[in-house]
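Enquirer: Right, I'll just put the structure down here and ask away after.
The values are calculated or read from the model by the stated rules, or taken from the named source; none is laboratory data. Note that the structure is a prediction, hence the values are computed from the model and not measured. Heads up, the Cβs are rebuilt from the backbone with ideal geometry, glycines too, and the neighbour counts pull from every protein chain shown. Each accessible area value is taken on the protein alone, full model and side chains, heavy atoms only, with ligands, DNA and RNA left out. Shrake-Rupley method; radii C 1.70, N 1.55, O 1.52, S 1.80 Å.
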Amino acid sequence: MSTYDSAKAQFADWGIDTEAALERLKTIPISMHCWQGDDVVGFEKRTGTSGGGIQATGNYPGRARNPDELRADLEFAYSMIPGSHRLNLHAMYLDTDETPDRDEIEYAHFAPWVDWAKAQGIGLDFNPTFFAHEKADDNLTLSHPDKAIRDFWIEHGKRTREIAARMGEELGSACINNIWVPDGYKDVPVDRMAARKRLQAALDEMLAPAHDRALLLDAVESKLFGIGVEACTVGSHEFYMGYAIRKGTLLCLDMGHFHPTENIADKLSACALSLDEILLHVSRPMRWDSDHVILLNDDIQGMANELVSGEMLGRTHIGLDFFDATISRTAAWAIGTRNMQKALLRALLLPLERLRKAEESLDFSIRFMLTEEFKDLPFGAVWAEFCARAEVPAGTALIDRLDAYQASVSGR
Ligand code: RNT
Ligand code: ZN
């Protein structure tokens, strides 16, 4: 009997069909973020400033310096990840010899990405870039008191929506355009209301042009605090939660954007009752919004369990948001994305019916015994089978491949 067949039999003893779990896992796309590949630098041919509190730490060799290098790295990373996924692109990753400012970008500047995505058979997601620009140096963009600066960023946002809608059309799959602005104050502001009213009005204007939801899905992402915005973030969770419900946009829950002791998995069902669709930025905050590469830890597992038990997979879009420049960037993508998939697989293999029954009948002893005893089941064998069927390596073979690729790019 093969290792997988033996695992399959063990799960079957608990009434769980591993084949059904594997089939389901195949259908769940993960939107991999382009910015892990180059430390959130982007390809604008202008001297950008980092700004917005977004900065990768480390100087590991092999950073992608241009779109071709980034695409080569992405192709390799996808080939190490079972299943079919998406790419999440930021507007600062344009691929053109032209030098448009943020309020001048057009679809043509991103067309090479779409051609590539078509050839790869993957969908694209998109983001306006409201940081790393001199007009964001005050850590204020859409809520800036200066109307000219607000208008500049509104125009940027409108253009990204047009570009995203065209991407969705070309690829036959709705493109999520996720809005995150760094706006906030280092020290205690006097008029939070005024700032929030400006942000609200700017968002209204940016989102006014109607687009087909089959092509474009707008999302808004909140944050609690960050470097330089310790006292107040204009686009806080409450701000965007209300905004998304009123305007019918997606709400993006970034796992690093809450107080470090908050449980983001717990928020899913609570938010989902008032929202049609949700976007996740799966990330790992360590003491603060540090964007560490995700581990297969309790936070990630808790999120996957909620997605499955709350039946929210059909309306939750899973995106990743981490960046670490102290390790191989392609390994970060491959291992991080695989961790999300492993968590989903484990969630799909849970004895949910029995657990639910125990909880409904207030038999918390059985619930406790089941969850803990279940941890001994051979999940690894089912995961290895998933990789083998997708012709993707696992174990030492995976490590050898990741290591060899890193060696091939470390001379950059
Ligand atoms: C920043 C947000 C945002 C960014 C990316 C690059 O705190 O998490 O999602 O990480 O847009
Ligand atoms: Zn995020």
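Enquirer: If you go through region 45-73, how many residues are open to solvent by less than 40 Å² (accessible area, probe 1.4 Å) and modelled with pLDDT of 75 or more?
Expert: First, pick out the residues of region 45-73 that are open to solvent by less than 40 Å² (accessible area, probe 1.4 Å): 51-54, 56, 62, 64, 67, 69-71, 73.
Now narrow it down to the ones that are modelled with pLDDT of 75 or more: 54, 56, 62, 64, 67, 69-71, 73.
Of the residues in region 45-73, 9 are open to solvent by less than 40 Å² (accessible area, probe 1.4 Å) and modelled with pLDDT of 75 or more.
Enquirer: Just to check your reading of the model, which residue among A347, A404, A384 is over 25 Å from the mean Cα position of the chain (by Cα) and assigned to a helix (DSSP H, G or I)? Write out each step before concluding.
Expert: Details: A347 fails: over 25 Å from the mean Cα position of the chain (by Cα); A384 fails: over 25 Å from the mean Cα position of the chain (by Cα).
Unique residue meeting the criteria: A404.
Enquirer: Between residues in region 246-263 that are small (G, A, S) and residues that are outside any loop (DSSP other than H, G, I, E, B) and surrounded by fewer than 19 Cβ atoms within 10 Å (Cβ to Cβ), which pairs lie under 9 Å by C-beta distance while being six or more apart or on different chains?
Expert: G256/H292
Enquirer: When you scan region 1-86 for helices (runs of 4 or more DSSP H) that lie fully inside it, which ones turn up with 1 or more residues that are within 16 Å of ligand 1 (Cβ to nearest atom)? Explain how you work it out, then say what you get.
Expert: Details: elements: 3-13, 18-26, 67-79.
By residue number, 67-79.
Enquirer: Going by the structure shown, is L320 under 24 Å from the mean Cα position of the chain (by Cα), more than 14 Å from ligand 1 (Cβ to nearest atom) and modelled with pLDDT of 95 or more?
Expert: Numbers: under 24 Å from the mean Cα position of the chain (by Cα): yes; more than 14 Å from ligand 1 (Cβ to nearest atom): no; modelled with pLDDT of 95 or more: yes.
No; evaluated as a whole, the condition is false for this residue.
Enquirer: Still on this structure, please answer the following. Can you name the residue in region 274-297 that is more than 14 Å from ligand 1 (Cβ to nearest atom) and within 21 Å of M241 (Cβ to Cβ) and is also most open to solvent (accessible area, probe 1.4 Å) among such residues? Spell out how you get there, then give the answer.
Expert: First, pick out the residues of region 274-297 that are more than 14 Å from ligand 1 (Cβ to nearest atom): 274-278, 286-287, 295-297.
When the remaining residues are screened for being within 21 Å of M241 (Cβ to Cβ), the result is 274-278.
On the way: S274: 63, L275: 9, D276: 111, E277: 43, I278: 3 Å².
Looking at residues that are more than 14 Å from ligand 1 (Cβ to nearest atom) and within 21 Å of M241 (Cβ to Cβ), I get D276.
Enquirer: Which one of these does T261 not meet: (1) surrounded by fewer than 20 Cβ atoms within 10 Å (Cβ to Cβ); (2) within 16 Å of ligand 1 (Cβ to nearest atom)?
Expert: Exception for T261: condition (2).
Enquirer: Additional query: For T316, all conditions in the list (1) among the β-branched types (V, I, T); (2) under 30 Å from N177 (Cα atoms); (3) touching a Pro at 6+ places or on another chain (Cβ under 8 Å) hold save one; what is the number of the exception?
Expert: (3)
Enquirer: Inspect region 231-241 for any residue being more than 16 Å from ligand 2 (Cβ to nearest atom) and either open to solvent by 20 Å² or more (accessible area, probe 1.4 Å) or charged (D, E, K, R) (or both) and give the result as yes or no.
Expert: The answer is yes, given that some residue of region 231-241 is more than 16 Å from ligand 2 (Cβ to nearest atom) and either open to solvent by 20 Å² or more (accessible area, probe 1.4 Å) or charged (D, E, K, R) (or both).
Enquirer: Moving on. Residues being within 21 Å of the chain's Cα centre (by Cα) and not in a loop (DSSP other than H, G, I, E, B): count how many of those fall in region 119-155. Please lay out each step first, then the result.
Expert: Step one: filter region 119-155 for residues within 21 Å of the chain's Cα centre (by Cα), giving 120-132.
Subsequent filtering for residues that are not in a loop (DSSP other than H, G, I, E, B) retains 120, 123-127.
The number of residues fulfilling the criteria is 6.
Enquirer: Restricting the search to region 353-388, which residues are crowded, with 16+ Cβ neighbours inside 10 Å, without any contact (Cβ under 8 Å) to a residue 60 or more places away in the chain, farther than 25 Å from M80 by Cβ and out of contact with any Asp or Glu (no Cβ under 7 Å at 6 or more places or on another chain)?
Expert: Of everything in region 353-388, those that are crowded, with 16+ Cβ neighbours inside 10 Å, without any contact (Cβ under 8 Å) to a residue 60 or more places away in the chain, farther than 25 Å from M80 by Cβ and out of contact with any Asp or Glu (no Cβ under 7 Å at 6 or more places or on another chain) turn out to be L355, A358, L370.
Enquirer: OK, next. Kindly evaluate K247 against the criterion of being more than 21 Å from D125 (Cβ to Cβ), away from ligand 2 (no atom under 16 Å from the Cβ) and over 14 Å from the mean Cα position of the chain (by Cα).
Expert: Numbers: more than 21 Å from D125 (Cβ to Cβ): no; away from ligand 2 (no atom under 16 Å from the Cβ): yes; over 14 Å from the mean Cα position of the chain (by Cα): yes.
Considered against the rule, which asks whether it is more than 21 Å from D125 (Cβ to Cβ), away from ligand 2 (no atom under 16 Å from the Cβ) and over 14 Å from the mean Cα position of the chain (by Cα), K247 comes out as no.
Enquirer: Filter region 74-86 down to residues that are of a type outside the set (A, V, I, L, M, F, W, C) and farther than 17 Å from L124 by Cβ and give me whichever is surrounded by the most Cβ atoms within 10 Å (Cβ to Cβ).
Expert: Residues of region 74-86 of a type outside the set (A, V, I, L, M, F, W, C): 75, 78-79, 82-86.
When the remaining residues are screened for being farther than 17 Å from L124 by Cβ, the result is 79, 82.
Details: S79: 14, P82: 23.
Applying the filter and picking the extreme gives P82.
Enquirer: When you check T249 against the structure, is it within 14 Å of ligand 1 (Cβ to nearest atom), open to solvent by less than 40 Å² (accessible area, probe 1.4 Å) and at pLDDT 95 or above, yes or no?
Expert: Details: within 14 Å of ligand 1 (Cβ to nearest atom): no; open to solvent by less than 40 Å² (accessible area, probe 1.4 Å): yes; at pLDDT 95 or above: yes.
So T249 fails the test.
Enquirer: Going by the conditions given, is C271 away from ligand 2 (no atom under 15 Å from the Cβ) and open to solvent by less than 40 Å² (accessible area, probe 1.4 Å)? Even if it seems obvious, please write down each step before you answer.
Expert: Values: away from ligand 2 (no atom under 15 Å from the Cβ): yes; open to solvent by less than 40 Å² (accessible area, probe 1.4 Å): yes.
Spelling it out, C271 is indeed away from ligand 2 (no atom under 15 Å from the Cβ) and open to solvent by less than 40 Å² (accessible area, probe 1.4 Å).
Enquirer: Taking the stated definitions as given, is F323 out of contact with any Leu (no Cβ under 9 Å at 6 or more places or on another chain) and over 21 Å from Q10 (Cα atoms)?
Expert: yes
Enquirer: A follow-up question, please. Limited to region 10-35, what total is found for residues that are aliphatic (A, V, I, L, M) and open to solvent by 40 Å² or more (accessible area, probe 1.4 Å)?
Expert: Initial filter on region 10-35 (aliphatic (A, V, I, L, M)): 12, 16, 20-22, 25, 28, 30, 32.
Filter once more, so that each one left must be open to solvent by 40 Å² or more (accessible area, probe 1.4 Å): 12, 20.
The total comes to 2.
Enquirer: Please state which one of A270, A265, A334 is farther than 25 Å from C34 by Cα, among the hydrophobic types (A, V, I, L, M, F, W, C) and at pLDDT 95 or above.
Expert: Numbers: A265 fails: farther than 25 Å from C34 by Cα; A334 fails: farther than 25 Å from C34 by Cα.
Going through A270, A265, A334 in turn, the sole match is A270.
Enquirer: Please enumerate the residues belonging to region 210-227 that are open to solvent by 20 Å² or more (accessible area, probe 1.4 Å) and away from ligand 2 (no atom under 14 Å from the Cβ).
Expert: A210, H211, D212, R213, A214, L215, D218, I227
Enquirer: Only one residue in T326, T330 is more than 15 Å from the chain's Cα centre (by Cα), buried (at least 21 other Cβ atoms within 10 Å of the Cβ), of a type in the set (S, T, Y) and away from ligand 1 (no atom under 14 Å from the Cβ), so which one is that?
Expert: Values: T326 fails: buried (at least 21 other Cβ atoms within 10 Å of the Cβ).
Answer to the selection: T330.
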